[in-house]
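Notes for the one structure printed next.
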């Protein structure tokens with residue numbers, strides 16, 4: 001199945017290249033409205049940023065963005081279409097290659113590099129006016145949307161993952177909510193005691209993205225996945241990360257379903273000491289009326305590190321209305337709209353001025369303090385391509401068919417082959 005997926009992405013990429021060449025021959029005047037009173041439609045692809053119970057509120061947020069845009073473009077129509085998170089990369093590529101793709105769509109940094117390399121994205125720089133308030137965006141969020149010196153989107157959200165602890169279980173095993181674990185060693189000692197009392201130690205959703213599983217351990221060990229253009233996931237630091245994960249599995253600190261799990265709810269159910277969570281977990285606990293938890297810092301071995309993405313809206317290079325699409329992205333990501341969007345979704349705004357939404361939310365304040373140390377993932381055009389294959393090696397290690405050293409070595413070869 002993975003080979004089929006890879007071939008599908010390759011075919012879509014080749015078709016897209018042909019389509020982009022054809023589009024490049026069009027007169028540039030056809031790509032924009034001749035006046036602000038012209039009729040045109042922008043198709044915007046979004047995702048389920050909230051659960052079904054908040055869908056109506058999400059629609060209101062997007063509709064307000066459209067109404068603001070229409071103050072300058074009164075005859076414009078904004079067509080929002082929600083697509084699933086799953087397989088979104090291939091869906092976007094396939095749609096753009098067939099000419100039916102969106103004008104504006106949502107990306108994260110490790111997807112951006114792949115798309116930019118294929119010519120899918122329109123650089124925003126030439127479309128941003130003199131009044132563009134770059135200083136209001138956090139420095140790290142603008143860095144995350146920049147590739148080869150060009151901005152390929154504007155950030156609307158940031159997300160960071162860190163450790164959440166059940167205070168009841170923490171006290172039961174001799175921990176102190178005022179003095180939480182800082183290192184692997186300190187956490188493992190408490191987690192072992194939790195296991196002895198019948199609890200799980202922490203979440204590890206092995207069927208989910210490596211950004212939330214393997215990669216943070218590697219960064220915390222002082223290692224990396226790609227460094228200076230070379231695959232380095234087989235370094236001694238990275239092997240240490242593989243080894244730590246295997247130990248957590250063998251000792252029952254992470255649940256037995258961690259090999260393939262995409263969602264573990266033991267923390268919300270009060271059956272787990274800790275969770276590696278985001279603002280979504282804060283929302284989930286609030287919905288259940290549970291307040292028996294504290295938010296701690298990301299763990300460290302050699303380095304304190306964690307994953308945290310930056311979400312951006314980008315313009316397709318195939319859009320016939322690039323200038324208007326770029327303007328709409330500016331509207332979507334302005335301070336007021338960033339406040340509305342992030343307050344609803346419980347993400348962290350990329351704009352400094354929008355952080356006021358957490359003035360009365362101590363939980364999100366606790367979480368947001370770690371956003372500046374978050375790593376946005378592997379920023380390389382091949383990152384999303386080799387991820388499922390590296391994930392398979394991690395899963396094989398947990399199953400026992402590979403040692404940590406073998407898993408790291410074979411993963412490194414896979415990455416090297418994709419980078420050629």
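Only the coordinates and a few stated rules stand behind these numbers; no lab work does. Since the model is a prediction, treat every value here as computed from it, not as a measurement. Using ideal geometry, Cβ is built from the backbone for each residue, glycine included, and neighbour counts are taken over all protein chains shown.
Tell me the mean residue ellipticity at 222 nm calculated for the chain from its helices only (DSSP H runs of n ≥ 4, each -39500 (n - 2.57), averaged over every residue, nearest 500).
Details: 15 runs with 176 residues, N = 420.
Taken over the chain, the calculation gives -13000 deg cm²/dmol.
Highest-first packing order for the peptide set 239-251, 359-371 is 239-251, 359-371, based on the mean count of other beta carbon atoms within 10 Å.
Shape call for the range 213-329 from the C-alpha gyration tensor, a ≥ b ≥ c root eigenvalues: rounded (a/c under 1.5), prolate (a/b greater than b/c) or oblate? Please report the intermediate quantities before stating the final value.
Working: a/c = 2.45, a/b = 1.25, b/c = 1.96.
Judged from the Cα gyration tensor, the range 213-329 comes out oblate (a/c at least 1.5, b/c at or above a/b).
The C-alpha atoms of the chain define a longest principal axis, and helix 184-196 lies at about 70 degrees to it. Translational D (Stokes-Einstein, µm²/s) of the range 45-86 at 20 °C and 1.002 mPa s when Rh comes from the Kirkwood sum over C-alpha pairs? Result for D is 189 µm²/s.
Note on the range 43-159: antiparallel DSSP beta bridges, both residues inside, total approximately 25 percent of the bridges counted.
For the range 159-219, the extents of the C-alpha atoms along the principal axes are 32, 24, 20 Å, listed from largest to smallest.
Per-peptide packing, taken as the mean over residues of other Cβ atoms within 10 Å, places 392-403, 44-55 in the sequence 392-403, 44-55 from highest down. Its Cα gyration tensor gives the chain an equivalent ellipsoid; the semi-axes, largest first and in whole Å, are 39, 26, 17.
The protection proxy used here, the mean number of other Cβ atoms lying within 10 Å of each residue, ranks peptides 112-118, 333-339, 194-200 as follows, highest first: 112-118, 333-339, 194-200. Classify the range 308-420: rounded, prolate or oblate, from the alpha-carbon gyration tensor (a ≥ b ≥ c, eigenvalue square roots; a/c under 1.5 rounded; otherwise prolate if a/b is larger than b/c)? Here the range 308-420 falls in the oblate category. Taking a ≥ b ≥ c as the square roots of the eigenvalues of the Cα gyration tensor, an a/c ratio of 1.5 or more together with a/b no larger than b/c marks the range 333-376 as oblate. Beta-bridge orientation, the chain: approximately 65 percent antiparallel, per DSSP, counting only bridges with both partners inside.
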